[in-house]
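Notes follow the structure.
The values are calculated or read from the model by the stated rules, or taken from the named source; none is laboratory data. None of these values were measured; they are calculated from a predicted model. Using ideal geometry, Cβ is built from the backbone for each residue, glycine included, and neighbour counts are taken over all protein chains shown. Quick note on the areas: whole protein, heavy atoms, side chains included, nothing else; ligands and nucleic acids left out. Shrake-Rupley method; radii C 1.70, N 1.55, O 1.52, S 1.80 Å.
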Amino acid sequence: AWRKYSAREFTSKDEFEKDFVRHIETTLARSLYNCDELAAYSGTALAFRDRLIIEWNRTQQRQTFTDQKRVYYLSLEFLMGRALDNAMLNVGMKDAAREGLKDLGFRIEDVISQEHDAALGNGGLGRLAACFLDSLATLNYPAWGYGLRYRYGIFKQEIVNGYQMEIPDYWLDNNPWEFPRHDITVDIQFYGHVKKHQDENGKLVHSWEDGEVVQAVAYDVPIPGYGTKTTNNLRLWSSKASSGEFDFQKFNAGDYESAVADQQNAETISAVLYPNDNLERGKELRLKQQYFWCAASLFDIVRRFKKTKRAWSEFPDQVAIQLNDTHPTLAIVELQRILIDIEGLEWDEAWNIVTKTFGYTNHTVLPEALEKWSVPLVQNLLPRHLQIIYDINLFFLQSVEKQFPNDRDILARVSIIEESHPKMVRMAYLAIIGSHKVNGVAELHSDLLKTTLFKDFVDIYGPDRFTNVTNGVTPRRWLHQANPALSSLIAQKLGGHEFLTDLTLLDKLETFVDDKEFRRQWAEIKSHNKLRLAKLIKETTGYTVNPESLFDVQVKRIHEYKRQQLNIFGVIHRYLKIKEMSAEERKKVVPRVSIFGGKAAPGYWMAKTIIHLINKVASVVNNDSDVGDLLKVIFIEDYNVSKAEIICPASDISEHISTAGTEGSGTSNMKFVMNGGLIIGTCDGANIEITREIGDQNIFLFGNLAEDVEELRHRHFYGNFQLDPGLANVFKAIKDNMFGDAADFSALTASIEEHGDYYLVSDDFHSYVTTHEMVDEAFVNKEEWLAKSITSVARMGFFSTDRVINEYADSIWNVEPLAVKD
Ligand code: 26Y
C-alpha cells in the first residue's frame with residue numbers, strides 16, 4: 001500500500017529539468033535567475049541523488065531480507081574522486097541531463113567539474129578501495145565499506161618557487177553525497193584500566209573500566225553499481241564528544257575546563273587523513289583513529305548479526321571482513337574482546353570465529369611502511385587489547401614451539417612482540433595470525449611475501465594460507481568515464497557496451513588492428529585527448545606544449561622507490577644531448593613533453609627535493625630557445641583522481657619504473673594501457689603480468705631484476721661504487737649550478753654517489769636511457785605504434801576489478817552475489 005506514495009524517479013529530459021528546478025528552488029532555496037554553475041551542479045546532483053536513494057533503500061532491504069553472507073571492506077582510505085559523473089553513468093540518464101542542462105544554459109562538463117574531489121586517501125591503496133566498491137556493487141555483492149569521515153582529505157598541493165606547499169583540503173561543505181545518521185552512534189572507549197573478577201559461576205572475567213569515551217556517528221554514502229539496481233553502502237565514522245557517563249562524572253567533579261578540552265579532543269580523531277604513504281610514523285592520534293574506526297565498525301557489524309538471532313558459530317558464514325593492509329588489524333583484537341569479555345564465549349571458540357572471519361591484504365614489502373606500535377602506547381590507550389594481544393601471542397608461540405621443538409630462533413622471529421626498547425607490536429604478524437587468508441596484490445609481490453617477509457609463517461601455516469590476487473581498476477571510471485570517445489569507438493566495433501561489465505570482450509578488438517579507418521579514428525581520439533591535456537597544462541602552468549610531441553607521463557606519489565629521480569635525471573641527460581647537437585642533428589630529435597605529477601608526504605624531505613629539482617629543470621629547459629619544442633618539462637600540481645581522468649587518456653608513454661621488487665602492484669600502469677598508452681617499466685609489480693597479457697613486443701621493459709637487487713646493494717657497499725658515466729654527466733651539470741644552487745640537490749646526488757644508491761638508480765640508468773631511445777624510434781613509426789596501442793587495449797581484459805572481486809569472493813570471502821530482479 002505504501003508503494004503508491006513512494007518517491008518517483010525522473011525518466012526523461014523534461015522530468016530531469018523539473019526535478020532540477022524543484023531542487024534549486026526548494027532544497028537550495030535559490031532562484032533560477034541567480035543559478036550559477038555551482039548551483040547547477042548541486043541541482044543536478046540532487047536530482048540524481050533522489051534516484052540513487054530509492055535504489056539504495058531497496059538494495060538494503062533486499063540484503064536484510066535475504067540475509068546472505070555480507071562482505072565488509074575495512075579501509076582507512078577511500079580515494080573516491082568525484083561522484084556525479086559516476087552516478088550519471090551508473091544510473092543511466094546522463095544524456096537526458098546533458099540535454100536538460102543545455103536547455104537551461106549549461107554545459108554538462110562545466111557542471112560536473114564544479115564538484116570537489118572526495119580525496120580520503122593517499123594513492124594506490126585508497127584508490128583500489130574505491131575501485132573495489134564500484135565492482136562490488138556492479139557485481140551485486142552484498143558489501144559495505146567502512147572508513148573514516150575525515151574533515152580534511154589529502155592536502156592540496158601548490159608549487160611555489162618550485163617547492164611543494166601543503167594547503168588543508170576542507171571538502172565537506174554542501175556535500176550532497178553523504179547522509180548523516182545521527183541515530184546511528186557508537187560509544188568508543190579509550191585509556192582506563194582492566195579489572196579482573198569472578199562471575200556468578202566462578203569464571204574469571206575481565207572488564208575494561210573508566211577512561212574516556214568518544215562517540216562515533218555514522219555518515220552513509222551510496223555506491224551505485226553500473227547497469228544494476230544494486231546500490232551499496234559506504235559507512236564513514238565521524239568522531240564527536242560523547243554525552244555519556246564518563247564525561248558527566250568529570251563535570252560533576254568540578255573539572256569543567258578539562259572536560260571541555262576533552263570534548264574538543266574528541267573531534268580531532270576524525271579531523272585529518274594522515275598524508276604519509278608507505279611511511280609509518282607511530283603517532284598516538286593515528287592509533288586512536290584506527291581503534292575508533294575498528295571498534296565502531298565491529299560494533300555495527302555485530303549489532304546487525306545479532307538481529308538475526310543466529311548462533312555465534314554462524315558468524316563466519318554471515319560475515320567476511322577484509323583488512324585493507326594492517327591499518328585495521330585492531331579489528332581482530334576487538335572482535336575477540338567482544339566475544340570473550342562481552343558475549344561470554346570461551347577463548348578457543350571465539351578465536352576460531354575470529355580467524356574464519358578475517359582476511360588480510362598486504363600492499364607493500366618496504367620495511368619502513370610496516371606498522372609497529374609501541375607496547376607502552378598500546379598499554380596506555382587500549383589496556384585490555386594489549387592483554388588480548390599477549391594472549392594471542394602466547395597461544396601462537398606455544399603451538400609453534402610444539403611444531404618446531406628444535407628451532408631456537410623461530411619464536412623470536414615470529415613473535416607478535418618485537419623485543420626492542422621499547423617493545424613493539426608487529427601488526428602484520430598479528431594480521432596474519434588472526435586471518436584465514438593473506439594475499440599480496442601482484443604475482444611477484446605475493447611470491448616475495450612468501451619467500452622473504454612472511455617466510456616463517458609459510459613454514460608454520462603451510463603455503464595455502466597465502467595467495468595472490470592481482471590488482472585491477474574499474475573500467476567504468478578509467479575507460480568509459482575518463483575516455484568517453486574511446487569507449488564509444490570500442491562499443492561501435494564490438495556492437496555495444498557489454499565490454500564494460502565483461503572486460504575480456506575487448507579481445508575482439510584485435511580483429512580490427514589492421515583496419516585503416518579504425519586506426520585513424522583511434523589516433524584521432526588520442527590527439528583529441530592530448531589536446532585536452534595540453535589545455536589543462538596551459539591553464540595550470542602557463543606553458544604551451546605541442547600536442548604532436550610524444551607525451552611521456554609519470555604521475556603517482558613521489559617516493560624514492562618509485563624513482564621519479566631516475567626520470568628527471570633521464571630528462572637532464574636528454575637536454576644535455578640536445579644542447580650538444582648541431583642544427584642538422586636536432587631535426588632528427590623526436591619532440592617530447594615530460595610530464596610529472598604527484599604529492600610528497602609533507603615530512604619526506606628527499607621526495608620534496610625531487611619535486612624541487614623537476615621544477616627547476618622545467619624552468620631552465622622550457623625557457624631555452626635552443627630547445628624549443630624538442631623538449632618540455634611539466635609538473636602538474638595537485639595531482640588527484642579527477643586530474644588522472646584527464647591525464648591517463650592523453651599519454652603516449654607512461655613510466656612505471658620502481659626498483660625491481662619494491663612496487664606491490666601499481667594500478668595506474670593498468671589505467672594507462674587501457675587508454676591506449678604504451679608503458680616503459682621495470683620488471684616489477686603488475687608490470688610483469690601486463691607484459692604477459694599484452695606481449696613483450698608491446699611494452700618497453702628495462703633494468704635489473706628483483707632477484708639481483710640484494711647482490712647489487714651489497715656490492716655498492718663492499719665493492720667500489722662506480723657511477724654510471726651518463727649519470728655522472730648529469731650530476732656534473734647539476735653541480736655546475738645549471739638548475740640553480742647545486743646545494744639544494746646535494747642530498748639527492750649524495751644518496752646515490754655516497755650513500756650506497758639503495759634504489760639502484762645508477763645501475764639502471766644506462767638501460768633506462770637506451771630504452772627511451774627505442775621509444776623514440778618506435779613513436780615515429782606511427783602505424784606500428786598504433787598497432788601496439790590497439791593490441792594492448794584488446795588484451796587488457798584481465799585487469800578489471802570485476803575479475804579481482806570475483807577472485808576475492810571465491811577464494812577468500814566465500815560469498816555469492818545477490819540475485820537482483822525488480
Ligand atoms: C602505515 C601508513 C603510513 C601507510 C599509509 C598508506 C602505509 C601505506 C600506505 C599506502 C600504501 C599504498 O598505497 N600502497 C599501494 O597499494 C596499491 C594497491 O594495492 C599498489 O598498487 C601499490 O603498489 C602500493 O604501493
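Below, the figures for the structure above:
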| item | result |
| --- | --- |
| Efficiency of FRET from Cβ geometry, K102 and N174, R₀ 25 Å, rounded to 0.05 | 0.55 |
| Distance in nm between pseudo-label sites at A253 and T770 (7 Å out along the Cβ direction from Cα) | 7.3 nm |
| Listed residues C131, C683 arranged by accessible area, highest first, probe 1.4 Å | C683, C131 |
| Cα shape, the chain, gyration tensor, a/c 1.5 rule | oblate |
| Filter on K102/K229; K94/K156; K156/K526; K423/K671 - keep pairs with C-alpha separation over 32 Å | K423/K671 |
| Beta bridges by DSSP in the chain, antiparallel share as percent, to the nearest 5 | 45 percent |
| Apportionment of accessible area to carbon and sulfur, the chain, percent (1.4 Å) | 51 percent |
| Solvent-accessible area per residue for the chain (1.4 angstrom probe, square angstrom) | 40 Å² |
| Cβ-based net charge around S313, under 11 Å, with every Lys or Arg adding one and every Asp or Glu removing one | -1 |
| Projected label distance in nm at D95 and N406, using a 7 Å step from Cα toward the beta-carbon | 7.5 nm |
| Cut-off 15 Å between beta-carbons: net charge of the residues surrounding I694, Lys and Arg +1, Asp and Glu -1 | -2 |
| Total formal charge among the other residues, if their Cβ is under 9 angstrom from that of N90, Lys/Arg +1 and Asp/Glu -1 | 0 |
| Highest to lowest packing among 770-777, 617-624, scored as the average C-beta count within 10 Å | 617-624, 770-777 |
| Dipole magnitude of the chain about its Cα centre (Cβ charges: Lys, Arg +1; Asp, Glu -1), debye to nearest 20 | 1520 debye |
| Options S800, V272, G434, ranked by Cα towards positive dipole end of the chain, top entry (Cβ charges) | S800 |
| For the chain, calculated [θ]222 nm from helices alone, where every DSSP H run of n ≥ 4 adds -39500 (n - 2.57) | -14000 deg cm²/dmol |
